Amino acid sequence: MDNVNRYLLYLLVFQVLLSAVVFYNFGKLSASPEPSPLISIQKADISKIILKGPSDTSVTLTKKVDSWVLPKEKNFPANNAAVEQLLGRLFDLKEGVQVSQQETSFARLRVSDKDFERQIMIYKDGELSEVLFFGTAAALRQTHVRRGGETKVFSVKFAAGDIELQSSDWLKRDIFVFPSEHVQEVSIGSIKISNKMVKSENAPDNIESSTSQKKQWGIKDLKKNMVPSQVEINDLVRQLADIQVSSLASPDDIKNIDRSKKPIEFKISLKNNVSHTFKLLKLKNEDDFLLRASSREETFRMPPLSAKQLVNKAKRDVLTISKK
């Protein structure tokens, strides 16, 4: 009996070892393979991206050297940080849980060639390389996605609705920003403001050096007993140095300029003989202003609050105070 039990034990051990070998050879016991990336192209090779949504809304972004532009907006600079952030999100995507492989499910999941939440077309050297169709939500913060030309549909962690489809959402809004400390002069009509060095308070009369002097704003042709408000002028300079645009003005916007109102013009001189001219143009029946700049041919919309603040600052009685 002992021999029989021993034989059965040996047989059991042999079967276990044999099963392990068989399962190993067929990959049953090997680690799960890493999921494949949804995009196979190298990020550095991308030359163009087209983002499409429902109703044929779309945005095209093209790479020029190391920067992105909007070709439909006369190659206006795009927000590089926003484009790179989108690419980073896309290149982080890997094949998630496969939820379907049937073409009949494409319409229901909104990942068909004609019905989708977002379609992203990626080009290499001007040729279409990759297409992704993002559809309905698979779960909380999960989206259905399908590669163009394939039938597999995956669930991935991605919010396709966050991808903006208006050119204005991809503009480089801070295209006119410059360091405020570079400003030397500002002219607003008859108001002439200049930066000059004056002796610091408490500096000895017999010492003249950079450490004994400070910058101060002056205004030409001041009324008697009036002096420049250093606080208000510094605030104006900071605002001018940080002008942002909200969008490109449409043809209808330009037609709606109130020609009866004189544009408010800011002429700014910077270090190294650099200069800028900004014009604010009032719109009819609106509180908004359009912006024109000497360095660009386009006309822009400004954030209403920013434009209003500049207009309110562009007054002599705001930029001056009574002498104490």
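Just so it is clear, none of the values below were taken in a lab; they were calculated from the coordinates. None of the values given here were measured: they were computed from a predicted structure. Glycine gets a Cβ as well: all are built from the backbone with ideal geometry, and neighbour counts include every protein chain shown.
Please sort through the DSSP H helices of the chain and keep those with an alpha-carbon extent of at least 20 Å along the long axis and a Kyte-Doolittle average not below 1.6.
Span-like helices here: none at all.
Report, by chain and number, residues whose modeled amide H sits under 5 Å from the one on Gln213, excluding near sequence neighbours (fewer than 5 apart, same chain).
Ser200
Reachable aspartates and glutamates from Lys172, Cα under 16 Å, same-chain residues fewer than 8 places away excluded?
Asp66, Glu73, Glu84, Glu164, Asp242, Glu297, Glu298
What are the extents of the Cα atoms of segment 121-170 along their three principal axes, in Å, largest first?
35, 32, 12 Å, listed from the longest principal axis down.
Computed from the coordinates I sent, volume of the Cα convex hull per residue in Å³ equals one of (i) 298; (ii) 126; (iii) 267. Tell me the label.
Computed from these coordinates, volume of the Cα convex hull per residue in Å³ corresponds to label (i).
Would you please give the residues with an amide H less than 5 Å from that of Leu171, counting only those at least 5 places away or on a separate chain, with H modeled from the backbone geometry?
Amide H neighbours of Leu171, under 5 Å, 5+ apart: Asn79.
Is the shape of segment 43-170 best called rounded, prolate or oblate, per the rule: a/c under 1.5 gives rounded, else a/b larger than b/c gives prolate, else oblate, with a ≥ b ≥ c the square roots of the Cα gyration tensor eigenvalues?
It is prolate, given that a/c is not under 1.5 and a/b is the larger ratio.
For labels at Lys255 and Lys74 in the simple 7 Å Cα→Cβ model, what's the distance in nm?
It is 1.9 nm.
In nanometres, what is the gap between the two model label sites at Asp56 and Gln230, each 7 Å from Cα along Cα-to-Cβ?
6.1
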